[in-house]
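Reviewing the structure listed below.
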Amino acid sequence: MPSTGLHLGLSTLFIRKGLLSEEQLADAIAQSRKHKQSLVRTLVTIKLLTAREVAELCYEEYGTPLLDLDEFDISAIPDEFLNKKLIEKHKCLPLFKRGNRLYIATSDPTNITALEDFQFSAGLHAEAILVEDDKLIKALDKVLEEDITALDLSAIDEEALAAIEVTDTDKREEEQTGNGKDDAPIVIYINKILTDAIRKGASDLHFEPYEKRYRIRFRIDGILKEVSEPPVNLSGRISARLKVMSKLDIAERRVPQDGRIKMKMSRTKSIDFRVSTLPTIWGEKIVMRILDSSSAQLGIEKLGYEDDQRQMYEDMLKKPQGMILVTGPTGSGKTVSLYTGLNILNTEERNISTVEDPVEINLEGVNQVHINLKAGLTFASALRSFLRQDPDVVMVGEIRDLETAEIAIKAAQTGHLVLSTLHTNSAAETLTRLINMGVAGYNIASSVNLIIAQRLSRRLCPACKTPEVVPNDELLKLGFTQLQIQQGIIAHKPVGCEHCSGGYKGRVGIYEVMKMSDEIARTIMEGGNSLQILKQAKSQGMRDLRDSGLLKVIQGVTSIAEINRVTSF
């Protein structure tokens, strides 16, 4: 367990200097204990203080030398001092030796225990060097990162491969599968593909066999791009390797299968892949979704909500009962939005249970259930069980049918906070979808607190984006208001450089946040359609997806072309 860094001197220093209130400090200490991280790291993460502010304050108070880690060559650290167990435990980094002294980079100079442990390990006198916490975390990740060859991936089962050859009468597939002698290069090749996908920020990997070619594509920032074209005769070996890693039946190629891979990137970080196989006429297509648990630890301020939208979401999360629905197509970021909310709610005082298909992100402190249709464990049956387990918060992965919808609404009406998703195109359409399922309008009006519709738009690369001249009449046609045009709109377009992919780098959420009001509830009760509900919501100040997207254009976050791609007008 890493040091929690709850040192009395450092805590009282923040109070004495007037940087934190006692309430803020108490909350930060509670969060640092919950997440088992240092107080400094917690203060920086929740943005009560910046890493630079903490470092400069400690420098002034304790006189510890201050070093900019960006200017230090991490690769020059002697291996003999890199005790990775101590580094991981204390989140400190030995830098260099002078005489009989070993200098340790730390963001908390009061962490005497860490210095004593390094001193005992190295047999040298340990002295602290103060560094900024965010730069220290990056340096630690580099030092603790393991080589790809150290991944815990078992070799292909030779007997299972041989069995495929015996039972497979198709000569072409027999040639694809091979006899296993050349499988070591396949192992290395697949490992490299998976690692490249993670480093490039891909969300999905597609392994696709065709008659005369085999291609591998990554979905990066929502767009599929071909990254490799291995020989088509390796199709069988590639699918066999991926199925072994996913613990699937490699002898079964006639029906789809679902599995999971856990890939260890470093001592402190592992990433899961959700694997789906599908028989095609030329072999098995395999699609892998990258499930990075760190995405659930994102602060809500990083997701792209406008200030008023974020405030509405946070206010509804504070309510003891009711329903929050997140809607959008597959890959629109619904899971991250829900888990960010769960992360806010995840405290010692709350009992939180989720039912998902499948469980995509593991969250400590949350009771997560993976549905199993063969065993009769459905969304509805799991939800019924939750209600007998004294829940405070319930998350349903998706409302797919009337039975699940009715149980979820009943839970929201009887003192529970319910979070869930639907596959609809807008917030207003979500309400009519529930009505079409058979849910009574008065039940919807009395239980739903908030609906969030969302999309993901590619971010313009800040290094190469360039202003784009757009005539005012064209801006009006695109949906900008006359007032926005009068205030001046500077749109930007992608260019492309070594730092990005086609002028874009990363993605940002675009949101339509609709709060249930008396007027909207009345419209539902009177049998209003989605257009009437949308009109009422917009009259109360709601921005639809298009309006929110155009606001991101004004802010210089994304381009007009990208907003046209992800929203309709």
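The values are calculated or read from the model by the stated rules, or taken from the named source; none is laboratory data. Because the structure is predicted, anything quoted here is derived from the model rather than measured. Cβ coordinates were reconstructed from backbone atoms using ideal geometry, including for glycine residues, and neighbour counts include every protein chain displayed. Just the protein is used for accessible areas: all its heavy atoms, side chains included, with ligands, DNA and RNA removed. Shrake-Rupley method; radii C 1.70, N 1.55, O 1.52, S 1.80 Å.
You will find that of His416, His423, the residue that is out of contact with any helix residue (DSSP H, G or I) (no Cβ under 7 Å at 6 or more places or on another chain) and either farther than 23 Å from Tyr305 by Cα or crowded, with 18+ Cβ neighbours inside 10 Å (or both) is His416 and no other.
I'd like the full set of residues that are of a type in the set (Gly, Ala, Ser), surrounded by 15 or more Cβ atoms within 10 Å (Cβ to Cβ) and at pLDDT below 90, limited to the range 115-159. Passing the criteria: Ser121, Ala122, Ala139. Those strands (runs of 3 or more DSSP E) of the range 195-308 in which at least 3 residues are open to solvent by 30 Å² or more (accessible area, probe 1.4 Å) and more than 26 Å from Thr558 (Cα to Cα), considering only elements entirely within it, cover 257-264, 270-280. Filtering the range 190-210 to residues that are in contact with a helix residue (DSSP H, G or I) (Cβ under 8 Å, 6 or more places away or on another chain) and farther than 18 Å from Ile271 by Cβ leaves Pro209, Tyr210. Would you please name the residue that is farthest from Val54 (Cα to Cα), looking only at residues in the range 14-43 that are of a type in the set (Ser, Thr, Tyr) and under 28 Å from the mean Cα position of the chain (by Cα)? Top of the filtered list is Ser32. Which condition does Gly18 not pass, out of (1) surrounded by 12 or more Cβ atoms within 10 Å (Cβ to Cβ); (2) not in a helix (DSSP H, G or I), if it passes all the others? The one condition Gly18 does not meet is (1). Give me the residue from the range 394-408 that is of a type in the set (A, V, I, L, M, F, W, C) and surrounded by fewer than 23 Cβ atoms within 10 Å (Cβ to Cβ) and, out of that set, farthest from Thr327 (Cα to Cα). Of everything passing the filter in the range 394-408, Ile407 is farthest from Thr327 (Cα to Cα).
Can you find a residue in the range 96-108 that is touching a residue at least 12 places away in the same chain (Cβ under 8 Å) and in contact with a Gly (Cβ under 6 Å, 6 or more places away or on another chain)? Within the range 96-108 (the criterion being touching a residue at least 12 places away in the same chain (Cβ under 8 Å) and in contact with a Gly (Cβ under 6 Å, 6 or more places away or on another chain)), the answer is yes, since at least one residue qualifies.
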